[in-house]
1. Residue under question is residue 424, and the condition is that it be in contact with a strand residue (DSSP E or B) (Cβ under 7 Å, 6 or more places away or on another chain), among the polar types (S, T, N, Q), away from ligand 2 (no atom under 16 Å from the Cβ) and under 21 Å from residue 444 (Cβ atoms); does it hold?
2. Looking only at residues that are touching an Asp or Glu at 6+ places or on another chain (Cβ under 7 Å) and not hydrophobic (A, V, I, L, M, F, W, C) in segment 310-339, which one is nearest to ligand 2 (Cβ to nearest atom)?
3. So if I check each of 711, 677, which one is within 20 Å of residue 754 (Cα to Cα) and outside any helix (DSSP H, G or I)?
4. What number of residues in segment 385-444 are small (Gly, Ala, Ser) and closer than 17 Å to residue 330 by Cβ?
5. I'm told residue 810 meets every condition in (1) free of Cβ contacts under 8 Å to residues at least 60 places away in the same chain; (2) in contact with a strand residue (DSSP E or B) (Cβ under 6 Å, 6 or more places away or on another chain); (3) not hydroxyl-bearing (Ser, Thr, Tyr) except one. Can you identify the failing condition by its number?
6. Mind listing whichever residues of segment 735-766 are in a helix (DSSP H, G or I), open to solvent by 10 Å² or more (accessible area, probe 1.4 Å) and without any contact (Cβ under 8 Å) to a residue 40 or more places away in the chain?
7. Residues that are of a type outside the set (Gly, Ala, Ser) and in contact with a Phe, Trp or Tyr (Cβ under 7 Å, 6 or more places away or on another chain): find the strands (runs of 3 or more DSSP E) completely inside segment 494-574 holding 3 or more of those.
8. Inspect all residues belonging to segment 585-603 and state whether any of them is of a type in the set (Ser, Thr, Tyr) and open to solvent by less than 20 Å² (accessible area, probe 1.4 Å).
Amino acid sequence: MRTETGTVIRLEDYRPSDYLIETTDLSFSLQPDATVVRAKLGIRRREGVPADAPLTLDGDELVLKDLRINGETLAENGFTVSPDRLSIGELPESDTFTVEIETALDPSANKQLMGLYRSSGTYCTQCEAEGFRRITYFLDRPDVLSVYTVRIEARTEDAPLLLSNGNRIEDGVLDNGWHYAVWHDPFPKPSYLFALVAGNLGVVRDSFTTMSGRDVALEIYVEHGKEPRAAFAMDALKRSMKWDEEAFGREYDLDVFMIVAVSDFNMGAMENKGLNVFNDKYVLADERTATDADYANIEAIIAHEYFHNWTGNRITCRDWFQLCLKEGLTVFRDHEFSADMRSRTVKRIAEVKLLKAHQFPEDAGPLAHPVRPRRYSEINNFYTATVYEKGSEVVRMIRTILGPEKFRAGLDLYFDRHDGEAATIEQFIKAFEDASGKDLSQFALWYEQPGTPNLIVSNNYDAAAKQFTLTVEQRLKPPVEGAPHAPMHIPVKFGLVGAGDMEWNGVSGADVTGDVIHITKPKHEIVFEGIAERPVPSLLRGFSAPVTIYPEPDDGELAFLARNDPDEYGRWQALSALIARQMKQAAFRTDDDSGDVLDLATCDILTQIASDDSYEHAFRAFCLTLPGENDIAREIGSDIDPDAIHRVHAAASRQLGKAGERIFARLFHGLEANGPYSPDAVSAGKRSLRNIALSYLCHAAGDIELAAKVYGDADNMTDRAHALALMVHLKPKADETLDALAAFQQEFRAEPIVMDKWFMIQATAPGAKTLDSVKALTGNPGFAWDNPNRVRALIGAYSTGNPTGFNRADGEGYQFLCQAIGRIDGYNPQVAARLLTAMRSWKNLEAGRRELARGAMATLAERQNLSRDVRDILDRTLT
Ligand code: B3K
Ligand code: ZN
């Protein structure tokens with residue numbers, strides 16, 4: 001049964017609700033397919049609202065069993081009810097009254113994984129954004145804050161563990177083998193932060209003493225037997241709690257903080273007050289089953305959800321248009337945390353790569369939207385790279401513009417002013433304006449205008465006058481027709497590079513503070529005085545604004561910056577731009593098969609960095625990682641031929657492998673681990689450099705012998721998974737490859753999140769033939785269509801991480817994806833809609849593929865009964 005489609009919610013239509021729900025008392029009687037929920041809501045009519053204003057509550061697929069007002073059953077004509085709405089017209093005159101609602105749920109049948117459902121026998125909930133209305137009728141909107149008391153009853157044998165938000169205030173034994181617990185959360189919260197977990201799980205316990213000396217019990221719940229694999233998550237949690245006190249003065253506020261890992265989850269994790277629910281792949285790790293990247297993700301996501309306690313929970317969003325208020329800010333906070341835990345430059349490079357890979361294409365395609373969208377038909381489709389990652393970049397720019405002290409003062413003011421409230425972006429910006437005395441009204445356009453701004457730059461040096469002139473013009477191509485595109489405030493961190501960073505003794509044409517040029521007008525001519533020789537400008541250091549620069553400096557200047565920029569990030573940026581340009585040019589040279597993609601100077605820089613031990617290992621690994629095929633496609637922008645790009649990528653890997661063979665061999669042997677595995681950043685950096693060296697050696701040799709040896713010898717999943725991917729991607733049919741795949745499956749068949757790596761590696765093997773194996777793998781006993789992790793590992797990886805396999809010239813890849821989406825949409829619209837975003841750049845493909853992609857989507861669009869989620873993405877993608 002589908003809720004209505006086609007309704008568009010608009011920011012300008014926001015108005016507060018007529019009624020508030022001050023208290024929410026819930027009582028759950030849990031049974032797998034017949035759960036009863038009783039809700040007693042303490043309602044207050046807002047001042048000035050007439051007594052005959054109806055109370056209209058949201059629902060979704062609900063079955064109403066009983067309804068009372070102030071304890072009295074209501075006459076049938078006093079209300080109207082449907083699965084998605086309960087409207088009560090006959091209400092008491094007094095401003096406060098209670099509404100009691102009984103609903104019946106079937107958690108086992110809930111495959112949407114929204115509301116109350118079962119995951120491997122554990123009852124759990126997911127309410128953000130609009131899942132609470134699948135539990136009871138409610139004012140299910142983030143600006144209705146309520147104090148919750150929750151009683152849970154279940155059979156002790158099925159669910160010895162009964163958890164909800166806040167503190168446990170009571171528990172006890174009932175008749176017939178049942179028991180109960182009562183939880184009370186003193187902090188008023190929106191319904192999307194409600195959580196319940198009940199089941200039979202193991203636990204890891206620890207504790208944390210806050211900066212004011214309060215003891216907090218820490219509990220991580222996982223499947224029995226997996227407790228040791230939660231140790232790293234627990235450590236990350238304690239480091240997050242400490243860091244938030246030190247970096248932002250934020251202290252935890254309840255007596256207990258709980259994390260529960262579940263295996264069926266639509267996203268990464270959820271920040272429910274005091275009771276975070278996690279996708280198990282972001283909790284469980286040991287060296288046998290998790291890679292270094294898994295460890296880094298766990299650390300970041302544990303931190304992210306914990307940080308939400310202040311940015312999201314204590315201060316929440318007035319409405320879903322303000323989503324970036326909690327998400328962008330919390331991503332910024334988790335980025336800073338990881339930068340402090342690891343290497344700042346390396347972390348920043350990783351963030352920029354991710355932003356360009358996910359957010360830039362979104363902003364350049366049919367799904368573009370502002371950081372704060374102004375309309376939506378399905379809010380779940382707006383948990384996007386733009387809201388999260390660009391939202392974080394916007395916060396970072398505020399810090400760049402104000403400087404760290406005023407930024408911190410602004411954030412403190414925001415916490416002071418709005419604690420306990422549902423806030424807006426305007427209020428967030430106002431806090432920074434008030435704390436700094438700076439007008440941020442032009443800056444605020446970053447929240448309103450979609451699209452990646454482009455900076456057109458040129459320069460001129462006048463030796464006689466010792467003047468260096470930098471001309472910067474900003475252009476915003478509105479990707480969405482009619483979208484606003486007024487000039488923005490773009491902070492450009494920079495240096496003028498000669499023998500080092502040059503000094504100047506005067507500047508005009510733009511506001512330049514320290515190492516930041518503030519671009520605010522359509523065009524600036526910035527004149528630096530007292531410049532003794534022609535410099536090479538290093539612009540956008542640290543990626544100080546999410547913009548593109550055109551034209552990039554020429555090859556000679558990029559090579560100069562790659563070698564000489566005093567800023568390490570700047571060196572990486574120049575080098576990667578240089579390589580990307582040469583790969584892009586090679587992709588157009590269809591006639592030339594000589595195999596040389598990179599010029600000598602570039603190869604020379606790369607091999608020099610590879611062998612320079614003064615650099616961090618992880619930095620060298622990033623420098624040596626060629627831009628991916630999707631990155632090159634993005635640079636090319638239109639008429640994309642994925643096969644040509646693949647050929648160039650392979651040729652460049654071979655070329656560089658041969659050019660640096662001796663150095664790579666030295667790195668490969670020299671970096672062999674000589675102690676037990678440790679997931680720390682330095683050790684992980686060594687492994688990543690060694691594994692890059694291994695890749696180049698395999699590419700240079702054109703075989704996988706060395707990878708097979710690493711696969712056999714490895715004592716950790718990082719090295720094993722990397723070696724297996726090399727084998728599958730270079731020689732999918734070789735005996736060694738087939739043996740390794742079989743051995744992996746044999747060892748991990750009972751561990752679904754480990755098997756996801758096995759699915760993913762096979763799904764991303766380049767070439768048209770991979771579709772056959774992907775289809776076959778859907779029949780593997782380890783695959784499950786209704787588990788989001790499995791679907792993402794196989795079908796998600798195939799459609800987003802395999803340019804040649806997915807973009808088969810015959811269009812079969814698109815057909816397969818759209819059919820899979822049609823199937824999944826029948827029970828999990830959120831996952832289905834997310835899969836469909838793999839098509840967002842279809843208009844950039846060459847004509848033949850473009851038509852086939854459009855055709856596959858058009859066929860999907862003909863289906864009756866598509867969910868609002870999929871219909872929304874489909875409509876926007878096709879127009
Ligand atoms: N706030 C959740 C995301 C909820 C997604 C709902 N479709 C996780 C996070 O960003 O921390
Ligand atoms: Zn978040």
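The values are calculated or read from the model by the stated rules, or taken from the named source; none is laboratory data. Small disclaimer: the values here were computed from a predicted structure and weren't measured. Using ideal geometry, Cβ is built from the backbone for each residue, glycine included, and neighbour counts are taken over all protein chains shown. Calculation scope for accessible area: heavy atoms of the full protein, side chains included, ligands and nucleic acids excluded. Shrake-Rupley method; radii C 1.70, N 1.55, O 1.52, S 1.80 Å.
1. No, not satisfied.
2. If we filter segment 310-339 for residues that are touching an Asp or Glu at 6+ places or on another chain (Cβ under 7 Å), which is where we start, we get 312-315, 318-319, 331, 335, 338.
Next cut, not hydrophobic (A, V, I, L, M, F, W, C) only: 312-314, 318-319, 335, 338.
Details: 312: 7, 313: 11, 314: 14, 318: 17, 319: 17, 335: 12, 338: 14 Å.
Selected residue: 312.
3. Exactly one of 711, 677 is within 20 Å of residue 754 (Cα to Cα) and outside any helix (DSSP H, G or I), namely 677.
4. 7
5. (2)
6. 735, 736, 738, 739, 741, 742, 743, 745, 746, 747, 758, 762
7. Details: elements: 506-508, 511-513, 516-519, 523-529, 536-539, 548-550.
Of the strands (runs of 3 or more DSSP E) lying wholly inside segment 494-574, those with at least 3 residues that are of a type outside the set (Gly, Ala, Ser) and in contact with a Phe, Trp or Tyr (Cβ under 7 Å, 6 or more places away or on another chain) span 536-539.
8. Initially, segment 585-603 is screened for residues of a type in the set (Ser, Thr, Tyr), giving 590, 594, 602.
Imposing the further condition that a residue be open to solvent by less than 20 Å² (accessible area, probe 1.4 Å) reduces the set to 602.
Yes, segment 585-603 has at least one match.
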